[in-house]
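The values are calculated or read from the model by the stated rules, or taken from the named source; none is laboratory data. Not measured: the values here are computed from a predicted model. For neighbour counting, all protein chains shown are included, and Cβ atoms are generated from backbone atoms with ideal geometry for every residue, glycine included.
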Amino acid sequence: MTKAGDDLAIDVRGLTKIFGKRTAVDQVDIAMPRGQVWGFLGPNGSGKTTTIRMLCGLLRPDSGQGTCLGYDILKQSREIKRQVGYMTQKFSYWEDLTIRENLEFVANLYDIANKKQVVDQTLEQLGLTTRQNQLAGTLSGGWKQRLALAACTLHNPKMLMLDEPTAGVDPQARRDFWDQIHRLSAQGLTVLVSTHYMDEAERCDQIVYIAYGKLMAQGRVEDIIDQSGLSTFVAEGVGVRDLMERLRGKPGAEHVAYFGNALHVSGGDLNALMALIEDEQVDGVTWRQARPNLEDVFIHLMDRSIDTSVGV
Amino acid sequence: MFAALNRILAILIKEFIQMRRDRMTFGMMILVPVVQLTLFGFAINSDPRHLPTLLYLEEDSTIVRSLAAGLQNSSYFDIQGQVTSAGAGTDALQSGEVAFVITVPAGFTRELLRGDRPQVLIEADASDPSAASNAIGMIQQIVSSSLRQDLKGEWAALAQAPPPVDIVVHRMYNPEGISQYNIVPGLLGVILTMTMIMITSIAMTRETERGNMENLLAMPARPWEVMVGKIVPYIGVGLIQTTIVLLASSYVFGVPFIGSFWLLAFGVALFIIANLAVGFTFSTMARTQMQAMQMTFFFFLPSLLLSGFMFPFRGMPEWAQAIGQIFPLTHFLRIVRSVMLKGSDFAAMWPNIWPLLVFIAVAMAVAMKRYRSTLD
């Protein structure tokens, strides 16, 4: 295969999916190089899951075209399925099968050579050898995620698509999970992870942000922050929380949030924001300009996408 | 006190809202009584009339013609025509085409007028005893009254007791009128309908409900591979059920089995496939296992009532019979009863085999079409 763009794991243009009257995914373009970890972000119901399903051949796009791992997403979904490991948002292995039976079933479906060895090895890696005969349904959330990850990497895929893999998992398990993802990435896998957690987004090489079916931003975290055109001021001190309600909705303050014992006020118009802060000086509260963080940028992007979708 | 009432009211309102949202359950609550009323009220009749009858007349005379007219006018018998040999009459009984064959022997009129009480033979398909019994019970009276008009003047005395004609009843295929002979083979059909549809629709819906289906389809399994893989185990279940029912039928209930085992096996196979296709179709429509159960019930109820299992098929009005013809159970009941009790062959059963084949083709087509669209 010496096609142009072969270094791209995903190369799709104009991807669109319509459910009834609702456009779930609207003209999304994604160009994603191989061997990287990509974060896929966006508010709930923004079309992340639908996009992932279209990329791995589970759903047929209504329009658009492109390739996944060099295979046509419209015509070669079977080849894509063979080389992609897809982990669904909800645990979707069989709860009434044991851990071992689940892995054996997956191994059989992919027609993996020397199944027993692969399954044994996987159980060993997971640290589940002693519990291999336990029903999958009795595992805790974190262990279920580990089992699912093991099962969807069993067939040595070239690419992983993980749909909110760490939702509802405790911090330690989340950290372990990400270590696994980076380990797999180091082995040359391309990984696409959808998530709501900003700290997870920052663990990714690049991110894609979509809202209400539209692609809002794509690129490195730093670049997205730089390109957002957003300015942020941080207020610290006594009684900053009381400021929150006062600032909210004022011209210039597009987004006001309290975290880390400080108030973050962001806006796209630096002058308006500075003017507002001049007006709102309070004793005991100190203001400083700060670099917007990813969450500020996302909320800014989300508000903007609501504006455009309402405007249409 | 008022607080408790308010809480009860709050729960009550919530319950109504949920009831309204769950269209399937709501539909069941409204539709089931309507269907039951319609079926029980209009369609079901335990005194079947207009039963198809053939005449085998070895002689023709005014008296014989008025006898035939009397049978037709009684509303119990619907004379479909005449046969020219006794064998043709037996064939028609065996295939289930007619319920009765009435034979008037040669010399009937002469013997009647001489007062010798000639015989009239009525052969009845008694494989379903309840369907035939009322007409059989009425025939003596029907014959006597239809002859009364011809037996006038010098023959008027013949019309008095004892009856002028000796009616000989042959209850074919089930001479003792044992209802188990009819019910037990029929139960095979009922049991298979119930479990095949329910088990498949629930087993498939369970995968969707738990999210397993998405996972399965993300792996390299084709839709038809999933379908075959999921259905085949239940064919096995159906065969085990069939074996149990047939063994019980033979050893516990003593139902005779005079037909071809292989013809029955063929019929059972078709019937199981037809039901699995229905179950599969339901599973593509139901989102929850509860809905799959409700759909099963909604198919099962009219199947049971309109197939001729519980009430004589011919007792129902035409429209109900037409609906009944759709259900696989209707045709399967005829096959299983005919093969076991009458020893019917393939040719005689063909009128019930092809509707099953058509049903399978349609149900499979719907299932596959629906199944594809659920992926999207």
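At a glance:
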| quantity | calculated |
| --- | --- |
| Qualifying residue in region A:150-161 (condition: free of Cβ contacts under 8 Å to residues at least 60 places away in the same chain and β-branched (Val, Ile, Thr)) | no |
| Pairs where the first residue, in region A:68-80, is free of Cβ contacts under 8 Å to residues at least 12 places away in the same chain and the second is of a type in the set (Phe, Trp, Tyr), C-beta under 8 Å, 6+ apart | A:79/A:71 |
| Subset of region A:177-195 (residues that are outside any strand (DSSP E or B) and surrounded by 15 or more Cβ atoms within 10 Å (Cβ to Cβ)) | A:177, A:178, A:180, A:181, A:184, A:185, A:189 |
| Among the residues listed as B:73, B:45, the single one being touching a Gly at 6+ places or on another chain (Cβ under 7 Å) and at pLDDT below 90 | B:45 |
| Number of the exception - residue B:214 against (1) crowded, with 20+ Cβ neighbours inside 10 Å; (2) away from chain A (no Cβ under 14 Å) | (2) |
| Filter result (closer than 13 Å to residue A:40 by Cα, without any contact (Cβ under 8 Å) to a residue 40 or more places away in the chain and among the charged types (D, E, K, R)) within region A:200-229 | A:220 |
| Number of positions in region A:92-114 that are crowded, with 21+ Cβ neighbours inside 10 Å, more than 11 Å from chain B (Cβ to nearest Cβ) and within 10 Å of residue A:136 (Cα to Cα) | 1 |
| Tabulated pairs, region A:106-119, first at positive phi, second assigned to a loop (DSSP other than H, G, I, E, B), C-beta under 9 angstrom, 6+ apart or interchain | A:111/A:155; A:111/B:220 |
| Subset of region A:34-68 (residues that are within 14 Å of another protein chain (Cβ to nearest Cβ) and assigned to a loop (DSSP other than H, G, I, E, B)) | A:56, A:57, A:58, A:59, A:60, A:61, A:62 |
| So residue B:262, is it closer than 30 Å to residue A:151 by Cα, surrounded by fewer than 20 Cβ atoms within 10 Å (Cβ to Cβ) and hydrophobic (A, V, I, L, M, F, W, C) | no |
| Test result for residue B:164, farther than 30 Å from residue A:52 by Cα, crowded, with 20+ Cβ neighbours inside 10 Å and not polar (S, T, N, Q) | yes |
| Positions within region A:69-91 being outside any helix (DSSP H, G or I), buried (at least 23 other Cβ atoms within 10 Å of the Cβ) and either within 13 Å of chain B (Cβ to nearest Cβ) or in contact with a Lys or Arg (Cβ under 7 Å, 6 or more places away or on another chain) (or both), in sequence order | A:69, A:84, A:85, A:86, A:87, A:88 |
| Count of region B:77-92 residues which are crowded, with 19+ Cβ neighbours inside 10 Å, within 20 Å of residue B:142 (Cβ to Cβ) and either free of Cβ contacts under 8 Å to residues at least 12 places away in the same chain or within 22 Å of the chain's Cα centre (by Cα) (or both) | 1 |
| Only one of B:205, B:193, B:242 that is more than 14 Å from chain A (Cβ to nearest Cβ), touching a Ser or Thr at 6+ places or on another chain (Cβ under 6 Å) and farther than 18 Å from residue B:289 by Cβ | B:193 |
| Test for residue B:362: is it free of Cβ contacts under 8 Å to residues at least 60 places away in the same chain and away from chain A (no Cβ under 14 Å) | yes |
| Single unsatisfied condition, residue A:18 versus (1) within 30 Å of residue A:183 (Cα to Cα); (2) over 14 Å from the mean Cα position of the chain (by Cα) | (1) |
| Tabulated pairs, region B:197-215, first within 21 Å of residue A:150 (Cβ to Cβ), second among the β-branched types (Val, Ile, Thr), C-beta under 7 angstrom, 6+ apart or interchain | B:211/A:88; B:214/A:88; B:215/A:88 |
| Some residue of region B:187-197 being under 23 Å from the mean Cα position of the chain (by Cα), assigned to a helix (DSSP H, G or I) and exposed (fewer than 15 other Cβ atoms within 10 Å of the Cβ) | no |
| Strands (runs of 3 or more DSSP E) fully within region A:230-312 counting 1 or more residues that are of a type outside the set (Phe, Trp, Tyr) and free of Cβ contacts under 8 Å to residues at least 24 places away in the same chain | A:255-259 |
| Selection within region B:55-103 - part of a helix (DSSP H, G or I), touching a strand residue (DSSP E or B) at 6+ places or on another chain (Cβ under 7 Å) and closer than 20 Å to residue B:128 by Cα | B:89, B:92, B:93 |
| Residue in region B:32-41 that is within 29 Å of residue B:339 (Cα to Cα) and outside any helix (DSSP H, G or I) present | no |
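Here is a yes/no grid of residues against (1) crowded, with 16+ Cβ neighbours inside 10 Å; (2) acidic (Asp, Glu):
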residue: B:15; (1), (2): no, yes
residue: B:18; (1), (2): no, no
residue: B:21; (1), (2): no, no
residue: B:25; (1), (2): no, no
residue: B:29; (1), (2): no, no
residue: B:33; (1), (2): no, no
residue: B:39; (1), (2): yes, no
residue: B:70; (1), (2): yes, no
residue: B:75; (1), (2): no, no
